[in-house]
Amino acid sequence: MGITKICCIGAGYVGGPTMAVIAQKCPHIQVTVVDLNTERIAAWNDADLSNIPIYEPGLDSIVGEARGRNLFFSTDVDKAIEEAQIIFISVNTPTKTYGKGKGMAADLKYIELCARQIARVAKDNKIVVEKSTLPVRTAEAIKSILDNTGNGVQFQILSNPEFLAEGTAVQDLLNPDRILIGGDATFEGQKAIQSLVDVYSNWVDTDKILTTNVWSSELSKLTANAFLAQRISSINAMSALCEKTGADVNEVAKAIGMDSRIGSKFLKASVGFGGSCFQKDILNLVYIAKSYGLNEVADYWEQVIIMNDHQKRRFSNKIVQTLYNTVSDKKIAFLGWAFKKDTNDTRESAAIYVADDLINEHANIAVYDPKVSSEKILNDLNYLETRSSVANASSITSFLNPYEACKNAHAIAILTEWDEFQTYDWQKIYNAMQKPAFIFDGRNLLNGAALREIGFVYQNIGS
Ligand code: UDX
Ligand code: ADP
């Protein structure tokens, strides 16, 4: 089938950038991204490209090039579904906060709503593509809804997980390590796979496009994220041991990373991984393993999360202990709130949990993040439901200027590895702080020797 119209349901961190790149690379295909959230769609359509809702380096110029030409953002979900030959589902699949599987299983209600809407609206054959990360065998559930509630038209379900990392989304999309497409072995299934291969092959070498059955594709996404997160938890476990023994985790990471069997990536010790994927996907994997009675498999992967929680707690404990066992009424400046640099996404950011711990110890937190709004910061804390929103608001303040955030602080904690933190006038910051002036570098970002020279008490992760 020659594809001329694509629709994507969900204009978030996955759907937005992915469709922008498809539109840029396939000018002959009309790409419409739809969302229920009218504010989000309005922001995607904002004439000022600096106001698009997702901050990703390079994304604004791609949107600028394709928007209005063959890339459209709309709230008219029905119309986009009806017109498209391929429908991508890129809606959120958060961890369930209620009922069976609470805190572990993926909440598939948004996916199910999409499937029902597609079934209701579609009047001709459609290829439905799962883009959101989903538990294995979700495609089967989508198919069952489509086949049983549809208008008698044929649906082919493909799994096409997105491997982009936030902060490098555009580069990852333009130059992916691989594209994975899972589909049925039937003639119709293979035809659908080929239609999607043809879209990607407009800019991706065909030898990088892998096709598998649906379940391998679904499970590969969970497996990739579990392996990546496991590397971080492994190096973070070693960081704790390094701090006790006098070894330096950066040196250890370099030494093991040069072993080509291990490789150098994802070995950066940190305050703990965050983001919308790792924790959610591993919990999902744990839940699936348990549901098949594979308790040892579940425990094995759950340990990656347990280690990550420990690393965040270890960081906040270290701050309290070093500040003479009390942070009560002390100002602690946080540089960074996003879960990594070059994104305005804060989901599961370590900063949220470290702040929560320190507020429990009656600290006053002052946050500066170059891309995260004060509303988001407060919402993130409120979402934990540790205390009232009024109590949160009186314990945390956001600043638009890093020097103001650090003024009179007892300590600075680096929570995100934003490049700009390295370029600050640290002497100026030191001069305006309480003494002794402490820095806790949760990202091993700053030059410790230079900061100690100024007079800071500098502590990092893993040395
Ligand atoms: C991840 C996967 O990388 C991506 O393929 C998948 O599609 C979605 O999940 P993302 O969460 O956007 O992407 O970012 P990633 O770069 O993987 O970082 C996740 C977290 O791990 C961040 O908090 C990051 O700071 C942390 N991290 C990463 C480390 O602490 N150390 C490292 O060495 C690498
Ligand atoms: P991700 O990181 O997976 O892209 P986001 O939360 O950033 O997740 O984006 C998911 C988007 O999907 C949200 O903007 C949400 O409003 C949208 N969404 C959820 N359910 C539906 C639906 N039934 N129809 C249209 N949009 C939806």
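Reported to the nearest whole Å, the Cα centre-to-centre distance from the range 42-109 to the range 218-280 is 30. For a straight C-alpha distance cut-off of 24 angstrom, the lysines reachable from Lys79 (same-chain residues fewer than eight places away being disregarded) are Lys5, Lys25, Lys109, Lys123, Lys126, Lys131, Lys143. Positive contributions from Lys and Arg (+1) and negative ones from Asp and Glu (-1), summed over other residues with Cβ under 14 Å from the Cβ of Glu296, come out at -1. For the pair Lys244 and Asn213 in one chain, pulling the backbone fully straight at 0.36 nm per residue adds 6.4 nm over the alpha carbon distance.
Based on Cβ point charges of +1 for Lys and Arg and -1 for Asp and Glu, what charge dipole magnitude is obtained for the range 266-355 about its Cα centre, in debye rounded to the nearest 20?
Charge dipole, the range 266-355, about its Cα centre: 420 debye, nearest 20.
Here Lys376 is the anchor, and the lysines within straight C-alpha reach of less than 17 Å, apart from those fewer than 8 places off in the same chain, are Lys340, Lys341.
Considering the options Val214, Asn202, Ala185, tell which one lies farthest towards the positive end of the dipole of the range 155-217, charges being +1 on Lys and Arg and -1 on Asp and Glu at the Cβ, about the Cα centre. The Cα lying farthest towards the positive end belongs to Ala185.
Estimated from the Cβ-Cβ distance and a Förster radius of 25 angstrom, the FRET efficiency linking Gln422 and Arg452 is about 0.95.
Applying both filters, DSSP loop and at most 16 other Cβ atoms within 10 Å, to the trypsin sites (Lys or Arg not before Pro) of the range 93-134 gives Lys100, Lys102, Lys123. Full extension of the chain segment joining Ser264 with Asn125 gains 45.5 nm, where the gain is 0.36 nm per residue of separation less the Cα-Cα distance.
Applying the Karplus relation 6.51 cos²θ - 1.76 cosθ + 1.60 with θ = phi - 60° to the range 51-68 yields 3J(HN,Hα) values of 9, 4, x, 10, 8, 9, x, x, 5, 4, 6, 5, 4, x, 6, 9, 4, x Hz, where x marks Gly and Pro. Extending 7 Å from the Cα toward the beta-carbon at both Ala42 and Glu296 defines two label points whose distance is 5.7 nm. Close amide-amide hydrogen proximity is noted between Cys8 and Thr32, Val33, Val34, Phe88, each under 5 Å apart and 5 or more residues distant or on a separate chain (H modeled in the peptide plane; Pro and chain starts excluded). Note on the range 5-212: antiparallel DSSP beta bridges, both residues inside, total approximately 5 percent of the bridges counted. Percent of Cα-Cα pairs more than 25 Å apart in the range 214-463, please. Within the range 214-463, distances greater than 25 Å cover 45 percent of Cα pairs. Ordering Ala43, Thr423, Asn382 by the projection of their Cα atoms onto the charge dipole of the chain, which places +1 on the Cβ of Lys and Arg and -1 on the Cβ of Asp and Glu, puts Asn382 at the extreme positive end.
Where only DSSP H runs of four or more residues are counted, the chain gives -13500 deg cm²/dmol as its mean residue ellipticity at 222 nm, each run worth -39500 (n - 2.57).
When only Cα pairs below 8 angstrom with a gap of at least 6 residues are kept, the chain shows a relative contact order of 12 percent. Taking amide H as placed 1.01 Å from N in the peptide plane, the amide H of Ile209 sits under 5 Å from that of Ile179, each at least 5 places away or on another chain.
In this label model, Lys254 and Val153 are separated by 5.9 nm, measuring between points 7 Å along each Cα→Cβ vector. Ranked by the mean number of other Cβ atoms within 10 Å per residue, highest first, peptides 321-329, 343-351, 403-411 order as 343-351, 403-411, 321-329.
Hey, how many Å between the Cα centroid of the range 288-363 and the Cα centroid of the range 392-428? Here the two parts' Cα centres lie 19 Å apart.
Residue by residue, the range 185-190 carries 3J(HN,Hα) couplings of 6, 5, 4, 5, x, 5 Hz when phi is fed to the Karplus relation 6.51 cos²θ - 1.76 cosθ + 1.60 (θ = phi - 60°); x denotes Gly or Pro. Secondary structure note: in the chain, about 5% of the DSSP beta bridges are antiparallel. Charged side chains reduced to their Cβ positions (Lys and Arg at +1, Asp and Glu at -1) give the chain a dipole of some 600 debye around its Cα centre. For Lys96, the aspartates and glutamates whose Cα falls under 16 Å of its own Cα, not counting residues fewer than eight places away in the same chain, are Asp107, Glu112, Asp281, Glu348, Glu385.
Values quoted throughout were computed directly from the atomic coordinates according to the rules given, and no laboratory measurement underlies them. Source: prediction; values computed, not measured. Note: ideal-geometry Cβ built from the backbone for every residue, glycine included; neighbour counts use all protein chains shown.
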